[in-house]
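Only the coordinates and a few stated rules stand behind these numbers; no lab work does. None of the values given here were measured: they were computed from a predicted structure. Ideal geometry is used to build each Cβ from the backbone, glycine not excepted, and the neighbour counts take in all protein chains shown.
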Amino acid sequence: MFNFKYQNPTKIIFGKGCIESIRKEIPPGSKVLITYGGGSIKKNGVFDEVKAALEGYEVLEFGGIEPNPTYETLMKCVELVRATKADYLLAVGGGSVIDGTKFIAAAVYYEGEPWEILEKFGAGIARAVPFGTVLTLPATGSEMNNGAVITRKSLKAKLPFASPFVFPKFSVLDPTKTYTLPPRQIGNGIVDTFVHIMEQYLTFPVNAKVQDRFAEGLLMTLIEEGPKALQTPEDYDVRSNLMWCATLGLNGLISVGVPQDWATHMVGHEITALYGLDHGQTLAVVFPPMLKVRKEEKREKLLQYAERVWGLKDGDEETRIDQAIEKTRELFESVHVKTRLCEYGINDDCIPLVVEQLEKHGMIKLGERRDVTPDKVRNILELCL
């Protein structure tokens, strides 16, 4: 294992009916700004529960944060926070709302052009507005980490940042609040969680047995429970396991002491920025070809993945690896997420555009070995068609 340090200050409050716990977590007298997305929380009762929990606080709200939160929208909220002097933020929604709120929290006090937060991957952040979250869509793990991804429409750019100042103070996770989510969002969330785990697990061996087994357990849970979430949408146990998988998949715990990849995410971000595909859709498209093109570099962990996660022990090594990659694609399809660019109306014209964007953003040496070059990305994208 590599040397590591792990610290996560986010308090998790999990279970049915736990939204009322908010009142115990936000300091009395705070001026609270609720951030949310398209307004579904006002239709399904979540907003009313949050407001009831905040009785006695001065409460403001800002809605309209997009599924891929944009710099343009978020800056409007930054100005609102500055103008009203709101001193606590509460993100109510999925990963996009939480990601957007992290940026808002950091940008309010940022000295200079806030887009620098993305250009410099969070360097320069000295403080942030404290915030909590009420998670309604399990997928990104943003409720228990210090990272976010923001899109700037005018530049067709989608960039990540991270900072120790943007860990949520607390996150409320009530699995019953996921019952009414559309199947598309559930499917995307399963794919997102699965690939998050794989980006940290499927690299090269470093004798990190605890981390490997932890990751494999999460993957097997997703394989078992993912399709059930679409078949029986109000199964509390299924939704609880999926929600906890999503949180544990990217809260930093399974990544300690191991190399990480993230090439699939970086390529996927560019596809989203250029064509507007859902994040989960881009991962479902890019990840299987990413594994095919990089089979040799990942051979040992691919064989481990094939045997431990999928139970593939028969046949030669090449056969088992190919079967594991195909089973991964089949899993994505089983939760109704298409895995070919052509199924989203995108043809090979995308290849030079995606590569150009990666080069523009300095992403020319991706992956755990920094050997995913623009040429290799071209090969991968050709298999995505």
Top positive-direction residue, dipole computed over the chain with Cβ charges, set 50, 268, 130
130
Lys, Arg +1 and Asp, Glu -1 on Cβ, resulting dipole of the chain about Cα centre, debye, nearest 20
760
Report the relative contact order of the stretch 182-384, percent, no decimals, based on alpha-carbon pairs under 8 angstrom and at least 6 residues apart.
27
Distance in nm between residue 318 and residue 296 label points, each 7 Å along Cα→Cβ, equals 1.3
Which one, 8, 249, 208, projects farthest toward the positive side of the charge dipole computed for the chain from Cβ point charges (K/R +1, D/E -1)?
8
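Send over the semi-axes of the stretch 148-285's equivalent ellipsoid, whole angstrom and largest first, taken as the square roots of 5 times the C-alpha gyration tensor eigenvalues.
23, 22, 15
Between residue 82 and residue 52, what length in nm is gained on full extension when 0.36 nm per residue of separation is reduced by their alpha carbon distance? Mind dumping the intermediate values first?
Values: separation 30, 0.36 × 30 = 10.80 nm, distance 2.53 nm.
The residue 82-residue 52 span can extend by a further 8.3 nm.
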Phi angles of the stretch 348-359, converted by Karplus (6.51 cos²θ - 1.76 cosθ + 1.60, θ = phi - 60°) into ³J(HN,Hα) in whole Hz with x for Gly and Pro, give 5, 4, 6, 4, x, 5, 5, 4, 4, 5, 4, 5
For the stretch 182-384, what value does the Rg/Rh ratio take when both radii are computed over Cα atoms and Rh is the Kirkwood radius, given to two decimals?
0.95
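Could you work out the Kirkwood radius for the stretch 278-385, taking every pair of different alpha carbons, averaging 1/r and inverting it, reported in Å?
Details: mean 1/r = 0.0677 Å⁻¹.
Result for the stretch 278-385, one decimal place: 14.8 Å.
Counting residues in the stretch 98-193 as N, plug N into 2.2 N^0.38 Å and put the Cα Rg over that result.
Working: Rg = 14.4 Å, N = 96, 2.2 N^0.38 = 12.5 Å.
So the Cα radius of gyration is 1.15 times the expected 2.2 N^0.38 Å.
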Step through the residues of the stretch 90-96 one at a time and calculate ³J(HN,Hα) from phi using the Karplus curve (6.51 cos²θ - 1.76 cosθ + 1.60, θ = phi - 60°), rounding each to whole Hz and writing x for Gly and Pro.
9, 7, 10, x, x, x, 5
Once amide H atoms are placed 1.01 Å from N in the peptide plane, what residues at a sequence separation of 5 or more from residue 34, or on another chain, have their amide H within under 5 Å of its amide H?
60, 61, 62, 90
For the stretch 206-309, the dipole about the Cα centre with charges only on Cβ (Lys and Arg +1, Asp and Glu -1), to the nearest 20 debye, works out at 360
Spelling out what I want: for every residue of the stretch 134-151, take phi, set θ = phi - 60°, compute 6.51 cos²θ - 1.76 cosθ + 1.60 (Karplus), and round to whole Hz; glycine and proline get x.
10, 7, 10, 9, x, 5, 8, x, 4, 5, 9, 9, 10, x, 7, 10, 10, 9
For residue 385 and residue 111, what does the FRET efficiency come to when R0 = 51 Å and r is the distance between their Cβ atoms, rounded to the nearest 0.05?
0.70
Using alpha carbon centers only, the stretch 202-237 is separated from the stretch 55-126 by a whole-angstrom value of 32
